[in-house]
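Sending over a structure as structure tokens; questions will come in a sec.
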Amino acid sequence: MTKPQTLRIDDMVTIDPITSAQEEAWETWRRGDHMALYGTAGTGKTYLGMYLGLEEVLDRSRPQDKLVIVRSVVPTREVGYLPGTLEEKMSAYVLPYISICTELFEDGGAYEKLCSQNKIEILSTSHIRGITLDNAIILVDECQNLNFHELDSIITRVGNNSRVILSGDWSQSDFTKDAERKGINIFLDIVEQMKNFEVIDFTWKDIVRSDFVRDYIMTKEMLGY
């Protein structure tokens, strides 16, 4: 059967939370709060963020009409000086989102279709200054690789009728300097004190990628590494 060129909410697979942290995230989102999904790798944080975000933007009764994925694309933050268009610079970083969209819609062309419908946009932190993100679900992915200045810049771009999901894992930070690594902790300390913003911790008990990954991370944590 030919896949539709315009994707709708009915074209998405239906998923349900399968761990306690995922359940908490579901409940937080359903009551209209912003949230940070933070913790262990393999727990489905980005997948869950994209599912909930796309569910929202494809629902015509909701005010949000676009999922904006924001991330840092290179450790030096100098993407603006690299050759090529923004799309070419970002191409190496969109593969996880292509894979997730393919799974959510059971359609290998889902990501491209959603982009052509203006339902997905990906932004680098190097290109977010001076804009306002209205009527959007803003997914800040790999947030452990953002310093406090970048996180502060993103959160102050949030406009009317927009909601925020952060996703990250402190143990996978690419930063080498403690001052930069601590930026996410300072940021989370701030948003955790705000109304309608929940920080949800994901641990090895929430790992859904595979039993092998769960065993590895559990053993690593038990040994203190």
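So Gly42 clears everything in (1) under 23 Å from Ser210 (Cα atoms); (2) at pLDDT 95 or above; (3) surrounded by fewer than 22 Cβ atoms within 10 Å (Cβ to Cβ); (4) not polar (S, T, N, Q) except one condition, right? Which one?
In the conditions (1) under 23 Å from Ser210 (Cα atoms); (2) at pLDDT 95 or above; (3) surrounded by fewer than 22 Cβ atoms within 10 Å (Cβ to Cβ); (4) not polar (S, T, N, Q), Gly42 misses (2) alone.
For Glu142, indicate whether it is modelled with pLDDT under 95 and more than 26 Å from Gln22 (Cα to Cα).
no
Of all residues in the stretch 152-165, how many are surrounded by fewer than 18 Cβ atoms within 10 Å (Cβ to Cβ) and not in a helix (DSSP H, G or I)?
Going through the stretch 152-165 one residue at a time, the tally reaches 5.
Checking Asp134 against (1) closer than 27 Å to Thr102 by Cα; (2) touching a residue at least 60 places away in the same chain (Cβ under 8 Å), which test does it fail?
Every condition holds for Asp134 apart from (2).
Tell me, which residue of the stretch 202-225 that is of a type in the set (Val, Ile, Thr) and part of a helix (DSSP H, G or I) is least open to solvent (accessible area, probe 1.4 Å)?
First pass over the stretch 202-225, keeping only residues of a type in the set (Val, Ile, Thr): 203, 207-208, 213, 217, 219.
Now restrict to residues that are part of a helix (DSSP H, G or I): 213, 217, 219.
Details: Val213: 32, Ile217: 16, Thr219: 66 Å².
Once the filter is applied, the top-ranked residue is Ile217.
Sort out which residues of the stretch 102-138 are part of a strand (DSSP E or B) and β-branched (Val, Ile, Thr), and write them in order of number. Give the steps one after another, and end with the answer.
Step one: list which residues in the stretch 102-138 are part of a strand (DSSP E or B), which gives 120-124, 133, 136-138.
Listed by number, the residues that qualify are Ile120, Ile122, Ile137, Ile138.
Of the conditions (1) surrounded by fewer than 19 Cβ atoms within 10 Å (Cβ to Cβ); (2) assigned to a loop (DSSP other than H, G, I, E, B); (3) at pLDDT 95 or above, Gln64 fails just one. Which one is it?
Result: Gln64 fails condition (1) only.
Scan Gly183, Gly168 and give me the residue that is surrounded by 14 or more Cβ atoms within 10 Å (Cβ to Cβ), of a type outside the set (Phe, Trp, Tyr) and touching a Leu at 6+ places or on another chain (Cβ under 7 Å).
Gly183
Just name the residue that is nearest to Glu27 (Cα to Cα) out of those in the stretch 137-171 that are of a type in the set (Gly, Ala, Ser) and under 13 Å from the mean Cα position of the chain (by Cα). Let's see the steps before the verdict.
Restricting attention to the stretch 137-171, the residues satisfying the condition of being of a type in the set (Gly, Ala, Ser) are 153, 159, 162, 167-168, 171.
Remaining after also requiring under 13 Å from the mean Cα position of the chain (by Cα): 167-168.
Values: Ser167: 17, Gly168: 19 Å.
Taking the candidates together, the pick is Ser167.
The values are calculated or read from the model by the stated rules, or taken from the named source; none is laboratory data. What you see is a predicted model; the values in this text were computed from it and never measured. Because the Cβ atoms are built from the backbone with ideal geometry, glycine has one as well, and the counts that use them run over all protein chains shown. SASA here: full protein model, heavy atoms, side chains in, ligands and nucleic acids out. Shrake-Rupley method; radii C 1.70, N 1.55, O 1.52, S 1.80 Å.
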